[in-house]
Amino acid sequence: IADVPGVRGSRLPAGRAITPGELGAMMRACTTDRTDAGARDAAIIALGYAGGLRRAELAALQLEDLAADDGEQITIRVLGKGGKERAIYLDNGGADALRGWLKVRGTEPGALFYAGRRGGHLQRGHGMTPQAIRDVVARRAEQAGVAHTSTHDLRRSFVSDLLDAGTDIATVASMAGHANIATTQRYDRRGEGAKKR
């Protein structure tokens, strides 16, 4: 065994980045659903992408975590891995999707996202599990005719799109809640196009 040289290799990273067209199709799948679940799912996808939240972070959000809404931007406190708190900022479509959900949800304290029942009905006061968040994203991707998409693919897209826009990697790492920029680098799915540029 000692005589065999170490074998090194590399594999393509797991997951993928979703395209703007795929994201738009998933949001349309939510907005054409006129049930309460449609508004909820649009907000989940918006926060997963525009805020780069993990599914456990989405499931753990409470109404009280909405720190501010000045009409243009919503600030949300997120408690991430290792008990690290960070602020995320939503504007434009992400903020609109969350405001749409809040109109349906109401102002009762507790879980930000309510668990669902058949027919698009929600169980007020009952929060969602991380698995339920995962299922929402996968179901809306399937309805939209988008290739399999996970909650973490939304997060990978968040990181990749910020890097592609020229945001420095240290800022992106902070926004994603990564303690180390090497972790952020593993989320980069910009592909060959970015290398060519």
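The values are calculated or read from the model by the stated rules, or taken from the named source; none is laboratory data. The shown structure was predicted, so the numbers you read here are calculated from the model rather than taken from an experiment. In this analysis, Cβ positions are derived from the backbone assuming ideal geometry, glycine residues included, and neighbour counts consider all displayed protein chains. Each accessible area value is taken on the protein alone, full model and side chains, heavy atoms only, with ligands, DNA and RNA left out. Shrake-Rupley method; radii C 1.70, N 1.55, O 1.52, S 1.80 Å.
Suppose all protein chains stay in the model; what accessible area per residue would a 1.4 Å probe give for the stretch 33-156, in Å²?
Per-residue value: 48 Å².
Compute the length gained on full extension between residue 135 and residue 107: take 0.36 nm times their separation in residues and subtract their Cα-Cα distance, giving the result in nm to one decimal.
Length difference between fully extended and current span is 7.5 nm.
Gap in Å between the Cα centre of the stretch 56-94 and the Cα centre of the stretch 114-170?
Centre-to-centre (Cα) distance: 15 Å.
Of the listed values [x] -0.35, -0.69, -1.14, -1.28; [y] -0.30, -0.65, -1.14, -1.29; [z] -0.62, -0.84, -1.08, -1.16, grab the one calculated as log10 I(q)/I(0) by the Debye sum over Cα atoms at q = 0.09, 0.13, 0.17, 0.18 Å⁻¹ from the structure here.
Correct label, based on the coordinates given: [x].
Please work out whether the stretch 44-126 counts as rounded, prolate or oblate from its C-alpha gyration tensor, where a ≥ b ≥ c are the square roots of the eigenvalues and a/c under 1.5 means rounded, while otherwise a/b larger than b/c means prolate and anything else oblate?
oblate
Taking amide H positions as placed in the peptide plane 1.01 Å from N, state which residues far from residue 122 in sequence (5 or more) or on other chains have amide H under 5 Å from it.
117
Quick check: pseudo-label points 7 Å beyond the Cα along Cα→Cβ at residue 170 and residue 63, how many nm apart are they?
According to this spin-label approximation, the distance is 4.0 nm.
Any idea what the dipole of the stretch 39-197 comes to, in debye rounded to 20, about its Cα centre with Lys/Arg Cβ at +1 and Asp/Glu Cβ at -1? List each step's numbers first, then the result.
Details: 24 positive and 19 negative charges, 129 e Å.
So the dipole magnitude of the stretch 39-197 works out to roughly 620 debye.
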